[in-house]
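Report on the structure given below.
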Amino acid sequence: MHLLHKPGDANTEANYHAYYQTLIKDGTANGATSNAYLTSSDVPFKTKCIIMKYRTGTLYNQKHAVLFKLSTSQTCPLYPQVDNALHILSGCQHMQMRNMITERHNLACRMILKAISKTGSLGSCIVSKDIGSNERMAMQNLQIPETAESRIVPKWLFPPRFPDKDRFTSSRPDFVLVNPTTAKTQRQQSNVGGLFFGVAGGN
C-alpha cells in the first residue's frame with residue numbers, strides 16, 4: 001500500500017493481506033517491478049483494473065454471484081469446476097479456455113526470451129524451448145537457433161544413467177539457456193551451468 005494511505009477498516013487478518021505481507025518480509029516481491037503495470041502506457045486502463053481486482057480478490061466470479069444472491073451455483077458456466085479468480089485466469093479446463101490460457105502463457109515466455117536475446121549473446125545459448133510453434137515465434141520476429149528446435153531437454157543435461165523414458169515424459173521447462181564456460185571454469189566444475197526457465201500459470 002502507498003505510504004500516504006492507511007489500511008483503515010480493512011481486515012488485516014485476511015489471507016490476501018497475510019500473503020502480501022509475507023512476500024514483502026521475505027524479499028520475494030520486488031515492488032517496483034510488481035507494480036510497474038500501474039504506470040505503464042502500454043497497459044490499457046481496463047487491464048490495469050482487472051489486475052488490481054485479481055490481486056485484491058475482487059474479480060467477479062461465481063462465488064461472488066452466490067454471495068450477492070445473483071446465482072445459486074458456484075460452478076463455472078463453461079466447465080464443471082468451482083469458479084474463482086484463479087480458475088478464470090489460468091485454471092479453467094474447458095478446451096477453448098485451455099488453449100487461450102496456454103497461448104497467453106507462451107506469448108509471455110516469447111516476450112521474455114526476445115528481451116533476453118536483445119541483451120547480448122545469450123540468445124545463442126538456447127538449447128531447448130517449449131513456448132509454441134515456430135509460426136507463432138515468427139509472428140514476434142523471434143529467431144531460435146537450430147540447436148533449440150526440439151521441445152525435449154537434451155540428453156547431455158541429465159545425469160549419465162538417467163532413463164530416456166523419464167526424460168521424454170518429464171515436465172519440460174519453457175526454455176533452457178546454457179551459459180558458456182571457460183576452460184578454467186570447466187576444470188573447476190564437472191557439470192554445465194544452465195538456466196531452466198518457467199513462467200507461472202503455464203500449461
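Per-structure values
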read-out: Within segment 36-99, trypsin sites (Lys or Arg not before Pro) in DSSP loop having at most 11 other beta-carbon neighbours inside 10 Å; value: Lys69
read-out: Packing-based exposure ordering (other Cβ within 10 Å, fewest first) of Glu103, Glu13; value: Glu13, Glu103
read-out: Charge context of Lys155, other residues only, Cβ under 10 angstrom, K/R +1, D/E -1; value: 0
read-out: Inter-label distance, nm, simple model (7 Å from Cα along the C-beta direction), Ala14/Tyr79; value: 2.7
read-out: Cβ-Cβ FRET estimate between Gln143 and Lys53, R0 fixed at 35 Å, reported to 0.05; value: 0.40
read-out: Sites Ala32 and Arg104 - FRET efficiency at Förster radius 25 Å, r taken between beta-carbons, to 0.05; value: 0.55
read-out: Fewest-first ranking of Ile116, Ile24, Ile101, using other Cβ atoms within 10 Å as the exposure measure; value: Ile24, Ile116, Ile101
read-out: Rounded, prolate or oblate (a/c below 1.5 giving rounded, otherwise prolate when a/b exceeds b/c) for segment 1-131 by Cα gyration tensor; value: oblate
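Read the figures in this text as sums done on the coordinates, not as results from a lab. This structure is a prediction, so every number in the text was calculated from the model and none was measured. We place every Cβ from the backbone using ideal geometry, glycine too, and count neighbours over all the protein chains shown.
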